[in-house]
Amino acid sequence: IKVSGRTKDNLGVGFFNVITEKTTASVKNEETGSIRNVLVEPLTNYSILVLDQQFNNNSSISLVNTNVTREGQFRDANVTALVFDLTDKENAFKASGRAIVSNVDLDTGIRTGFLSELELARIKGRFRYRVEHKFANTTYDINDLGLNRRNNFNNLEAEVSFQSFEPTKIFNAYKFELSARHRRLFDPNVTTGDSSILETFFLLNSITEFGGFIDYRTDSDNYFEPRLEGKFVTFSKNLGGRVFASSDYRKQFAIDLGIGQRKDFDQPQRQLFIDFSPRFRFSDKFILLLDSEYSRRDNQFGYIDNTETEVFFGQRDLNSIENALTASYNFDPYKAINLRFRNFWTAVDYSDDLFFKLNDDGTKDLIDYKITEENDPNRNFNIWNLDLSFRWRFAPGSEVSLLYRNQIFNSDNQASLGYTESLNKLFSQSMQNTVSLRIMYFIDYNNARDLFTNNR
């Protein structure tokens with residue numbers, strides 16, 4: 001169930017509720033042949049409530065609540081957020097932020113977490129600036145109905161920029177931006193690293209654009225990669241950058257090109273990135289886009305394993321190729337067919353046979369480490385996704401969507417395979433095919449009310 005709307009006083013109201021049935025899986029014991037049913041997900045209720053008050057034409061304050069309630073002795077979760085975006089009448093300065101409280105009901109009791117973000121910025125004129133603070137404690141968790149990749153941070157960021165909006169003989173617009181970031185943990189209260197980025201952007205009168213960035217990072221202490229409480233690994237200072245160029249999208253053929261590199265100063269790590277994206281507009285109804293990206297990361301240090309007291313790393317090379325194809329054909333303003341294809345391959349190779357033990361001060365010592373079939377860190381990963389969909393908007397806010405999807409996936413430890421060999425092995429795997437039909441009909445409250453009123 002989804003209900004949404006806005007009152008004449010600019011109060012937006014949104015409510016969303018979903019109930020999912022109990023899900024079980026059959027587990028077979030390969031030795032005995034016995035089969036048993038395992039509860040994977042209990043009967044669960046998901047709900048979202050949003051109240052959003054707009055005022056002064058360009059400001060708003062919102063209250064958001066998400067709730068997940070599961071049947072039986074499973075974890076429940078409730079998250080409440082206050083979000084604000086305040087801008088003065090001249091649209092010159094802005095203050096925005098959010099404060100979120102998460103509560104997860106576990107067997108051991110309720111675990112409460114907190115996140116806050118605050119940004120102050122000048123958003124008008126050629127010279128602009130902003131400062132931002134982001135904080136999350138170690139128990140912040142919204143993953144029952146949301147996503148947070150990590151918590152436990154206390155970061156500060158500042159940025160200044162200069163940009164031109166008046167065309168010159170050469171440029172239609174250009175921008176220079178300098179930003180700096182200071183990263184810390186909340187617990188323990190330690191610095192994990194600093195970085196600064198200089199970015200540029202230029203738009204020519206021919207609507208061709210180009211630019212790039214330079215990114216410097218200091219020595220950084222990573223407390224997450226060791227995956228053992230209290231341990232951290234130090235990565236050396238490094239310098240990276242990227243340049244790009246894009247031709248005029250108004251033309252029948254256009255292209256985006258980019259190349260980037262990163263090099264550590266005190267360690268042998270180096271990285272190379274190349275991206276290539278041509279687009280063809282055959283007509284006003286039909287467009288085709290290709291995105292290709294290649295990355296090579298040599299002599300990287302990656303986590304392998306740990307005991308209760310020791311953490312082991314290995315030197316590895318990573319190669320990745322990603323190809324994506326997007327095509328869209330619009331029959332008319334109401335009907336369209338879309339194709340989305342993506343293939344991603346990456347190989348993680350530890351054949352340098354260099355392994356390390358992590359020290360308490362974040363450094364690493366070279367050790368003899370034996371790779372077995374059970375702990376082999378080499379990895380060859382390949383996935384293929386294809387989505388073909390037809391959409392028909394048969395009424396305002398109403399749509400029929402027919403989707404066909406297939407997927408192939410393979411992951412093993414044959415890191416020495418090249419891209420073509422890995423692709424051939426991928427096609428030997430079983431393919432998953434899915435067909436779905438979705439019909440959405442929008443009922444306007446005002447029209448429905450008038451209909452019932454007229455009938456009387």
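Exactly one residue among Arg122, Arg128, Arg111, Arg98 is closer than 30 Å to Lys175 by Cβ, among the basic types (Lys, Arg), at pLDDT 95 or above and open to solvent by 70 Å² or more (accessible area, probe 1.4 Å), and that residue is Arg98. Across the range 56-77, the number of residues qualifying as assigned to a strand (DSSP E or B), open to solvent by 50 Å² or more (accessible area, probe 1.4 Å) and among the polar types (S, T, N, Q) comes to 1. Can you tell me which residue in the range 189-224 is farthest from the chain's Cα centre (by Cα), limited to those that are of a type in the set (Ser, Thr, Tyr) and part of a loop (DSSP other than H, G, I, E, B)? Restricting to residues being of a type in the set (Ser, Thr, Tyr) and part of a loop (DSSP other than H, G, I, E, B), the top hit is Ser206. Residue count for the range 429-449 under the criterion of being farther than 17 Å from Arg6 by Cα and of a type in the set (A, V, I, L, M, F, W, C): the result is 5. Filtered by the rule that a residue be at pLDDT 90 or above, more than 26 Å from Gly230 (Cα to Cα) and open to solvent by 90 Å² or more (accessible area, probe 1.4 Å), the range 353-378 gives a lone residue, Asp353. Applying the set (1) under 30 Å from Val131 (Cβ atoms); (2) of a type outside the set (Asp, Glu); (3) under 22 Å from the mean Cα position of the chain (by Cα); (4) surrounded by fewer than 18 Cβ atoms within 10 Å (Cβ to Cβ) to Arg227 leaves exactly one unmet item: (1). Picking from residues in the range 126-177 that are over 17 Å from Glu199 (Cβ atoms) and among the aliphatic types (A, V, I, L, M), the one that is nearest to the chain's Cα centre (by Cα) is Leu147. Pairs linking a residue in the range 224-241 that is within 14 Å of Gln271 (Cβ to Cβ) to a residue that is among the acidic types (Asp, Glu) and not in a loop (DSSP other than H, G, I, E, B), with Cβ atoms under 7 Å and 6 or more positions apart or on different chains, are Ser236/Asp264; Asn238/Asp264; Gly240/Asp215; Gly241/Asp215. Considering the range 405-425, and only residues there that are assigned to a helix (DSSP H, G or I) and without any contact (Cβ under 8 Å) to a residue 60 or more places away in the chain, the residue that is surrounded by the fewest Cβ atoms within 10 Å (Cβ to Cβ) turns out to be Thr420. Within the range 10-49, which residues are in contact (Cβ under 8 Å) with a residue 40 or more places away in the chain and part of a strand (DSSP E or B)? Leu11, Gly12, Tyr46, Ile48, listed by residue number.
Considering the range 248-279, the residues that are over 21 Å from Tyr294 (Cβ atoms) and open to solvent by 30 Å² or more (accessible area, probe 1.4 Å) include one that is nearest to the chain's Cα centre (by Cα), namely Tyr249. For the condition among the hydrophobic types (A, V, I, L, M, F, W, C), modelled with pLDDT under 95 and either open to solvent by less than 50 Å² (accessible area, probe 1.4 Å) or assigned to a loop (DSSP other than H, G, I, E, B) (or both), Ile321 does not qualify. Kindly establish whether Pro333 is part of a loop (DSSP other than H, G, I, E, B) and open to solvent by less than 60 Å² (accessible area, probe 1.4 Å). In short, no.
Look at the range 147-198 and say how many of its residues are within 19 Å of Gly230 (Cβ to Cβ) and either touching a residue at least 24 places away in the same chain (Cβ under 8 Å) or open to solvent by 70 Å² or more (accessible area, probe 1.4 Å) (or both). First the steps, then the outcome.
Taking the range 147-198 as the starting set, the residues that turn out to be within 19 Å of Gly230 (Cβ to Cβ) are 150-154, 183-193.
Next, from what is left, pick out any that are either touching a residue at least 24 places away in the same chain (Cβ under 8 Å) or open to solvent by 70 Å² or more (accessible area, probe 1.4 Å) (or both): 150-154, 183-187, 189-193.
The total comes to 15.
The values are calculated or read from the model by the stated rules, or taken from the named source; none is laboratory data. Only a predicted model underlies this, so the values are computations on that prediction, with no experimental measurement involved. Counting neighbours? That spans all protein chains shown, and the Cβs are built from the backbone with ideal geometry, glycine included. Just the protein is used for accessible areas: all its heavy atoms, side chains included, with ligands, DNA and RNA removed. Shrake-Rupley method; radii C 1.70, N 1.55, O 1.52, S 1.80 Å.
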